[in-house]
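Down below is the structure, laid out as structure tokens.
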Amino acid sequence: MSSDYDYSDEEYDDDEEMLDAEDGEPSTASDEEMDIETDDIKVISKGKKKLYEVEYDPLTQAEVEDLMRGDVENISAIFGVDATAAALLLRHMDWNKDRLIDKYMDNSAAVAAAAGVSPASKASSPGPERPRRSTRSASKTHRKVDPAPQPFVCPICFDDTQVETSELSCGHAFCTGCWNAYVTGKIREEGEHRISCMGEGCGVLAPDNFVLKVLDGDTETAGRYQELLVRNFVASSRNLKFCPYPSCTHAVSCHVASRSSLATVVPTVSCGADPKHKFCFGCPIEGDHRPVLCSVAKMWLQKCRDDSETANWIKTNTKECSKCQSTIEKNGGCNHMTCKKCKWEFCWVCMGPWQEHGTAWYSCNRYDDKTGVSARDAQSASRASLERYLHYYNRWANHEQSAKLSVELYVKTEKKMEEMQLSTALTWIEVQFMKKAVDEVEKCRTTLKWTYAMAYYLEKSNQKELFEDNQRDLEKAVEDLSELLESPIEAETIPTLRQKVTDKTVYVQKRNEIMLEDTAQGYEEGRWKWNTPVEGYD
Amino acid sequence: MDARLRRVNKEIADCKNDKSTNIEIDLIDNSPFHLRGTFEGPQDTPYAGGRFNVDIAIPPTYPFQPPKIRFLTKVYHPNVSSASGAICLDILKDAWSPVLTLKSTLISLQSLLNSPEPDDPQDAEVAKHYLTSRSGFQETARYWAQVYAGAPGAKSGDAIALAGLETAHVDRFESIGFERGKVIDVLRRLNYRGANIAKIPEDKVVEELLKN
């Protein structure tokens with residue numbers, strides 16, 4: 001038996017390099033320079049990175065928090081304000097540092113008021129008449145030690161036995177118990193990180209340290225608050241996106257998703273928590289939609305949602321008027337049709353004009369008549385566009401369905417792998433080739449699926465034919481490999497099966513790369529022409 | 001004592017002691033968390049002289065969340081649903097502040113009656129009426145106040161006047177052979193009032209009448 005993963009047939013002479021590249025794939029982004037200066041990097045074809053891959057950084061929640069802290073510290077140092085005030089300012093400007101710096105340098109008081117760092121203006125402040133402490137610090141908690149002539153009555157709970165009060169920089173004092181109930185409710189019930197002063201119409205916001213203080217050790221709510229802050233940070237940052245998979249807390253940082261670059265790049269990223277967590281950075285599609293551009297994929301999905309069922313129904317239940325091409329459903333009556341729109345009278349059976357039927361009411365035996373044939377030709381032309389759509393849609397849907405079935409295939413394959421270990425001397429590690437093959441099939445089916453969406457919108461040309469050649473080669477290879485995986489296992493054939501599957505896997509992988517590489521290159525060269533206007537693409 | 005209960009009790013007591021505003025808050029059943037508020041329609045408005053009841057439900061998170069208030073008395077007003085009594089008012093939603101009280105909220109409702117906001121309507125049909133014909137709207141609002149809120153000149157409800165329509169218009173379509181109730185319903189929905197009438201061809205009305 002030959003050694004594992006020895007693919008060095010002449011046919012696949014560049015396999016080694018390819019496998020290397022694959023191993024290094026998840027970390028390509030991190031080990032290259034991650035300097036954020038190059039704002040609009042398109043696909044960079046250096047090193048091992050493929051043309052169809054983009055640079056990105058998977059981030060854990062802690063790393064996102066570090067980024068956030070970095071921004072806050074940066075602003076805090078520039079403006080000379082404390083970190084909590086800097087955080088409020090940044091949140092107010094949706095974490096756009098440049099804009100914040102511009103505006104703040106222009107009129108710091110107005111920006112601070114709008115961001116809820118300080119009261120709007122002394123004159124219109126609706127605060128109660130209390131001596132205002134002139135302090136820069138955003139929050140203050142103080143104990144009433146000296147017996148005041150009038151005991152403090154909290155204007156919210158009307159309790160005069162409370163001794164501890166808190167207030168924001170606006171000076172509206174309330175008892176700490178009320179603050180706690182209020183802040184807890186805002187965070188837990190409303191999922192709100194912007195917590196304004198309880199005073200009526202008061203726009204001052206509670207800074208983080210104040211929130212944490214009044215929460216008084218309620219770590220669960222504090223954790224939720226932190227989560228809300230991170231969410232706001234990620235949602236505001238153009239180059240950050242959360243992994244859309246359920247309960248995944250990872251995020252991805254990517255710098256290529258600017259509007260203009262989406263016309264040439266499909267920024268598929270992975271959050272790093274699980275290799276299956278692949279999604280598109282440029283649009284909300286939760287999965288890998290390479291090689292189709294975001295705007296084309298969106299158009300296709302929209303069309304499928306709107307049209308596929310309707311189109312199927314129309315195809316089976318209607319005909320078009322042979323004169324004005326209106327779609328007509330015959331829901332009863334005789335074959336003498338009169339188009340409601342153009343009043344054209346025709347025969348439902350042969351589609352020819354009714355006059356020629358003479359007195360042959362209710363029956364038509366004139367199928368081969370010339371006018372009838374030409375009427376049916378016109379009809380079939382208008383059907384062609386429907387048929388064309390259904391052709392692509394059915395293949396698209398078929399690959400999607402097959403990719404979904406791969407879960408079952410996995411289970412089956414695992415069983416086969418166990419059988420192999422029992423019936424032969426192969427070890428666990430040596431039967432991994434099956435799993436690898438299933439993974440590859442799934443990956444390629446995803447690619448294939450989207451190639452049909454792409455082909456639907458590609459203008460007929462030599463380029464499209466080349467595209468479809470690549471598509472056909474990939475499809476053929478994938479189907480062959482699928483068939484191999486389904487074939488029964490017999491002890492004596494295992495070595496050959498193994499060799500075949502391994503070879504085929506590598507071949508399929510290669511075809512997939514060619515497909516993706518070629519389309520990506522086509523985008524760069526502007527080789528693809530669409531048969532319909534595509535958003536952001538000229 | 002529970003802070004919410006203490007606060008609500010004090011609010012009810014304060015309201016009882018304050019005779020100047022003519023605002024009442026009563027218990028509906030024996031719970032202090034389900035109340036009925038009553039206030040007078042503001043002077044110089046179609047609502048003057050009527051007494052309006054609202055249903056007040058105090059949520060468990062009160063006063064940190066706003067009370068849930070809706071009109072029990074039927075009111076013809078752009079920001080109040082003429083069917084359910086639901087109210088569109090910012091302080092009952094995100095502009096709520098815990099320092100606001102039931103009394104101050106009821107005063108706000110009173111001033112809402114005084115100054116409708118037809119651009120942010122709760123009842124789109126009423127808002128359209130308000131924008132099409134101010135005097136027609138006021139007449140209908142007045143009529144509703146008389147029928148439902150006991151404003152002076154109390155009348156028993158007449159369906160045409162309640163819908164803010166003119167008897168002549170309803171009669172005309174009724175004479176074609178449509179049922180009276182249906183005619184009122186369609187004309188109200190089409191906002192068949194004032195200057196708008198010229199914009200609605202008769203065919204359109206008949207088409208609507210034939211629809212269901």
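The values are calculated or read from the model by the stated rules, or taken from the named source; none is laboratory data. Note that the structure is predicted; figures quoted are calculated from it, not measured. Neighbour counts run over all protein chains shown; Cβ positions are idealised from the backbone, glycine included.
Listing for the model above:
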quantity: Segments classed as helices (runs of 4 or more DSSP H), wholly inside segment A:79-119, with at least 1 members that are buried (at least 18 other Cβ atoms within 10 Å of the Cβ) and among the β-branched types (Val, Ile, Thr); calculated: A:83-92, A:108-114
quantity: Residue in segment A:325-344 that is modelled with pLDDT of 75 or more, surrounded by fewer than 14 Cβ atoms within 10 Å (Cβ to Cβ) and in a helix (DSSP H, G or I) present; calculated: no
quantity: Residue, nearest to residue A:232 (Cα to Cα), within segment A:161-209, restricted to residues that are out of contact with any Cys (no Cβ under 8 Å at 6 or more places or on another chain), within 13 Å of another protein chain (Cβ to nearest Cβ) and hydroxyl-bearing (Ser, Thr, Tyr); calculated: A:184
quantity: Every residue from segment A:315-354 that is hydroxyl-bearing (Ser, Thr, Tyr) and within 16 Å of residue A:383 (Cα to Cα); calculated: A:316, A:318, A:322, A:326, A:327
quantity: Criterion: in contact with a helix residue (DSSP H, G or I) (Cβ under 8 Å, 6 or more places away or on another chain), aliphatic (A, V, I, L, M) and within 14 Å of another protein chain (Cβ to nearest Cβ) - qualifying residue of B:102, B:162; calculated: B:102
quantity: Selection status of residue A:158, within 13 Å of chain B (Cβ to nearest Cβ), more than 41 Å from the chain's Cα centre (by Cα), assigned to a loop (DSSP other than H, G, I, E, B) and under 26 Å from residue B:92 (Cα atoms); calculated: yes
quantity: Qualifying position, being modelled with pLDDT of 80 or more and not assigned by TED's automatic domain parsing to the domain that holds residue A:451, among A:265, A:256; calculated: A:265
quantity: Filter result (over 8 Å from the mean Cα position of the chain (by Cα) and of a type in the set (Lys, Arg)) within segment B:74-93; calculated: B:93
quantity: Any hit, segment A:297-306, residues being touching a residue at least 60 places away in the same chain (Cβ under 8 Å), within 30 Å of residue A:51 (Cβ to Cβ), among the aromatic types (Phe, Trp, Tyr) and in a helix (DSSP H, G or I); calculated: yes
quantity: Qualifying residue in segment A:164-174 (condition: more than 13 Å from residue B:99 (Cα to Cα), in a loop (DSSP other than H, G, I, E, B) and modelled with pLDDT under 85); calculated: no
quantity: Residue tally, condition within 22 Å of residue A:300 (Cβ to Cβ), in contact with a strand residue (DSSP E or B) (Cβ under 7 Å, 6 or more places away or on another chain) and surrounded by fewer than 22 Cβ atoms within 10 Å (Cβ to Cβ), over segment A:243-267; calculated: 1
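So that you can scan it fast, the table gives a plain yes or no per residue for (1) assigned to a loop (DSSP other than H, G, I, E, B); (2) in contact (Cβ under 8 Å) with a residue 24 or more places away in the chain; (3) of a type in the set (Gly, Ala, Ser):
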site: A:187; (1), (2), (3): no, yes, no
site: A:190; (1), (2), (3): yes, no, no
site: A:194; (1), (2), (3): yes, yes, no
site: A:201; (1), (2), (3): yes, yes, yes
site: A:211; (1), (2), (3): no, yes, no
site: A:225; (1), (2), (3): no, yes, no
site: A:230; (1), (2), (3): no, yes, no
site: A:233; (1), (2), (3): no, yes, no
site: A:238; (1), (2), (3): yes, no, no
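Yes/no matrix, rows are residues, columns are (1) within 27 Å of residue A:319 (Cα to Cα); (2) among the hydrophobic types (A, V, I, L, M, F, W, C); (3) modelled with pLDDT of 75 or more:
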{"site": "A:369", "(1), (2), (3)": "yes, no, no"}
{"site": "A:374", "(1), (2), (3)": "yes, no, yes"}
{"site": "A:377", "(1), (2), (3)": "yes, no, yes"}
{"site": "A:383", "(1), (2), (3)": "yes, no, yes"}
{"site": "A:386", "(1), (2), (3)": "yes, yes, yes"}
{"site": "A:390", "(1), (2), (3)": "yes, yes, yes"}
{"site": "A:395", "(1), (2), (3)": "yes, no, yes"}
{"site": "A:405", "(1), (2), (3)": "no, yes, yes"}
{"site": "A:410", "(1), (2), (3)": "no, no, yes"}
